[in-house]
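Notes for the one structure printed next.
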Amino acid sequence: MNTYGLDIWSDNNFIIEKDEVLVNYKSKPSLLNITKKIRSLDVRGPIVLRFPHLIKKQITSLYNSFNYSIEENNYRGDFKAVFPLKVNQLPFVVEAVSNEGRDFSYGLEAGSKAELILAMGKSLANSPITVNGFKDKEMITLAFIAKQSGHDITITIEGLGELKTIIQVAQESNLKIPSIGLRVRLHSTGSGTWAKSSGMDAKFGLTATEILEATKLLRSAKLLDKFTMIHFHIGSQMEDIAPIKRALREAGNIYAELKVLGAQSLNSINIGGGLAVTYAQHSDAKLHNYSIQEFSSCVIFLLGEIMDAKGVKHPNIFTESGRFVVASHSVLITPVLELFTQDYHENLLNLQEKNPPLIDELNELYTHIKPDNCIEYLHDALDHIESLLTLFDLGYINLQDRSNAEILVHNIIKKSLSLTSKINASELKQLQVNLQERYLINASIFQSLPDYWGLKQHFPIMPIHHHTKKAMRAASIWDITCDSDGEIGFDPDKPLYLHDIDITKEDYFLGFFNVGAYQEALGMSHNLFTHPNEYTIKINDNSFEVLNEVESKSTLNILNSIGYDSNELLSKLKTDLQKSSFITEKGKSDTLLKLEIILTQNGYLRTTS
Ligand SMILES: *Cc1c(COP(=O)(O)O)cnc(C)c1O
């Protein structure tokens, strides 16, 4: 059975049982049942399902791993963590992060004014807030207000200019002063697609000289007692643990040196985020080479060793991993609207009384193909189709002949692939590319999988049902935007096989997994498709509940959100229809009603039953 790499990427969060994919938790509901329940409320487009228990699982795993390593190594600092809001700022996610992180005092990290306001409004009492990114005087003032209001907040400065502004705000206002962190610029660099956050040419951080200058400034402004943290972040989705170790050694030594130089209040190292998530679904894919347990041991051991060597008290350790915490919690489910090569169905064949000889030959091949002749017949068919297409271009055969030729060849290839496994590998790849089935999904890749569009980040894809049948079709996935980049092409090196389903008779739903990090805020309204309907799924011992529906924007609201006056548009449409003269009054009022219904629904297609 094709398990779509479930054992590689799903961390046991999902399992296949009989022909369905189940959520592997408590009552183990199937994704199909959840989808059906939601569709019974007249929902037809794509849906996003969020599972709070998976957020809890990741937060618990993060804290347990570090706390275990702390105990194992007799480490004498505490472990603290904050959730970086930029990874997913949506209300459900922030709420779930706070709820599930309550026992650990899990905090929030903000990188902009809006995120900082969110952190101030939504963080738990006694949990830390950290602030990164470029800041102006207003943003720094906001951090002072947060401190004044009782938050445990640390502003990490990215440059000396920001530090000077902090000193200025401290002198001008009577507000309490937040803790100050310095982002250090490491010479060691990360690895992976997103590794642009460190190295000597990095966008962020202070050089050794600037760090020394910063401590001088702090000392003379009498703020050295507020300097509590050094921070680094070597990039997202870190695949290799070696650069992490180098960064830890470098940052650990900077910390110890600063302590020796008299930074008395300094008590924490913030190691940023970057813990990787497994997105691969093929066994030969390159995966990140560490587990969360290895990662935490490595951090604790290295920092302990450096501090012991320099006679410095062990620092508290902060992490800001976001992708690791929320990627797995959401699943995008999309109906398949169409399989394009249904157009080549055998019963569309329309042979004439008298056909061109090559077509008769193709028909012979198709009728008599068997396991022991199929490779030879296949090659003949491929040869014939070339000749037939040339004949068409020269005007010797008609459009019906061409249609028959395409149908016959398509079915000969398909049949030979099912009759033999002896086709040589490179020819097979080529045939699969030629014969790939195009699955049209009711979703937008730009909106729901922007990292696929922008970075070719692969996300695990699998059907959520039909698993007792063999999936044979080499598949490419097309979305409903009218942009040719809205496609996940068939890749013979990372093949996706899907089922041959007659969509007019049966539903077919695809799941896209591990989409909970970054995709939502980055999603684009290309073609004016907005976010899908979203639901929280709470799973109990005997059942599941569908909560917190967030509806996709209606067509009118989308137009409003980009600056049109939707009332004006609607009344223009209505007046034009009113003025038309060819229908009855009843016909007009029915049509007006129809128009209004269409405009107050979302823009995804409503084709499937
Ligand atoms: C983006 C970012 C993070 C989160 O990175 P993940 O790869 O999602 O863990 C943490 N810290 C900082 C400073 C960041 O910019």
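The table below gives the values:
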{"quantity": "Relative exposure of 69, 387, judged by other C-beta atoms within 10 Å (fewest first)", "calculated": "387, 69"}
{"quantity": "Helix 585-600 vs. the chain, principal-axis angle (Cα, 0 to 90°, nearest 10)", "calculated": "40"}
{"quantity": "Only Lys, Arg (+1) and Asp, Glu (-1) charged, at Cβ; region 342-422 dipole about Cα centre in debye", "calculated": "260"}
{"quantity": "The chain, relative contact order [Cα under 8 Å, separation at least 6], %", "calculated": "17"}
{"quantity": "Spacing of the two label points (7 Å from each Cα toward its C-beta) at residue 301 and residue 584, in nm", "calculated": "8.4"}
{"quantity": "In degrees, nearest ten, helix 91-101 long axis to first principal axis of the chain (Cα)", "calculated": "50"}
{"quantity": "Gain upon complete extension [residue 349, residue 379; 0.36 nm per residue less C-alpha separation]", "calculated": "8.7 nm"}
{"quantity": "Cβ-Cβ FRET estimate between residue 394 and residue 591, R0 fixed at 51 Å, reported to 0.05", "calculated": "0.55"}
{"quantity": "With at most 14 other Cβ atoms within 10 Å, longest stretch of the chain clear of loop chymotrypsin sites (Phe, Trp or Tyr not before Pro) (DSSP)", "calculated": "135-395"}
{"quantity": "Unit charges at the beta carbon, dipole of region 555-599: most positive-side option, 566, 593, 580", "calculated": "580"}
{"quantity": "DSSP beta bridges in the chain [antiparallel fraction, %, rounded to 5]", "calculated": "45"}
{"quantity": "Region 511-590: GluC sites (Glu not before Pro) in DSSP loop, at most 16 other beta carbons within 10 Å", "calculated": "551"}
{"quantity": "Distance-filtered residues of region 7-34 - backbone nitrogen under 19 Å, label point 7 angstrom along residue 60 Cα→Cβ", "calculated": "10-15, 23-29"}
{"quantity": "Debye log10 I(q)/I(0) at q = 0.14, 0.20 Å⁻¹ for region 342-422, Cα point scatterers", "calculated": "-0.42, -0.83"}
{"quantity": "Cβ-based charge dipole, region 342-422, positive-most Cα from 392, 352, 375", "calculated": "375"}
{"quantity": "Principal semi-axes in Å for region 399-544 [√(5λ), Cα gyration tensor, largest first]", "calculated": "31, 20, 16"}
{"quantity": "Theoretical FRET efficiency, 1/(1+(r/R0)^6), r = Cβ-Cβ of residue 71 and residue 524, R0 41 Å, to 0.05", "calculated": "0.35"}
{"quantity": "Among 14, 461, 339 - extreme Cα towards positive end, dipole of the chain, charges at beta-carbon", "calculated": "14"}
{"quantity": "Likely footprinting exposure, 354, 370, fewest C-beta neighbours within 10 Å first", "calculated": "354, 370"}
{"quantity": "Within straight-line cross-link reach of residue 164, lysines at Cα separation under 25 Å, skipping those fewer than 8 residues along the same chain", "calculated": "113, 135, 137, 147, 176, 203, 216, 222, 226, 259"}
{"quantity": "Additional length obtainable on full extension of the chain from residue 472 to residue 607, 0.36 nm per residue less Cα span", "calculated": "46.1 nm"}
{"quantity": "Principal-axis tilt of helix 292-310 within the chain, Cα atoms, nearest 10 degrees", "calculated": "20"}
{"quantity": "The chain pair-distance distribution - Cα-Cα, 20 Å bins, rounded %", "calculated": "17, 41, 29, 11, 2"}
{"quantity": "Dimensions (Å) - region 196-275, Cα atoms, principal axes, largest first", "calculated": "42, 22, 16"}
{"quantity": "DSSP-loop GluC sites (Glu not before Pro) across region 285-384, with at most 15 other Cβ within 10 angstrom", "calculated": "353"}
{"quantity": "Relative contact order of region 342-422, pairs being alpha-carbon contacts under 8 Å that are 6 or more residues apart, as %", "calculated": "49"}
{"quantity": "Dipole magnitude of region 224-361 about its Cα centre (Cβ charges: Lys, Arg +1; Asp, Glu -1), debye to nearest 20", "calculated": "1240"}
{"quantity": "Charged-residue dipole, Cβ positions (Lys, Arg, Asp, Glu), the chain about Cα centre, Debye nearest 20", "calculated": "2560"}
{"quantity": "For region 130-192 and region 525-547, distance of Cα centres in Å", "calculated": "37"}
{"quantity": "482, 374, 298 arranged by Cβ crowding within 10 Å, fewest neighbours leading", "calculated": "482, 298, 374"}
{"quantity": "Radius 14 Å from Cβ of residue 567, net charge of other residues (Lys, Arg +1; Asp, Glu -1)", "calculated": "-1"}
{"quantity": "Convex hull of region 555-599 built on C-alpha atoms - directionally averaged projected area, nm²", "calculated": "3.0"}
{"quantity": "For region 18-91, convex hull volume per residue from C-alpha positions, Å³", "calculated": "151"}
{"quantity": "FRET efficiency estimate (nearest 0.05) - Cβ-Cβ, residue 420 to residue 484, R0 35 angstrom", "calculated": "0.55"}
{"quantity": "Computed label-point distance, nm, for sites residue 430 and residue 117 using a 7 Å Cα→Cβ extension", "calculated": "6.0"}
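Just so you know, all these numbers are worked out from the coordinates, no wet-lab data involved. Because the structure is predicted, anything quoted here is derived from the model rather than measured. Here Cβ is always computed from backbone atoms with ideal geometry, including for glycine, and neighbour counts include all displayed protein chains.
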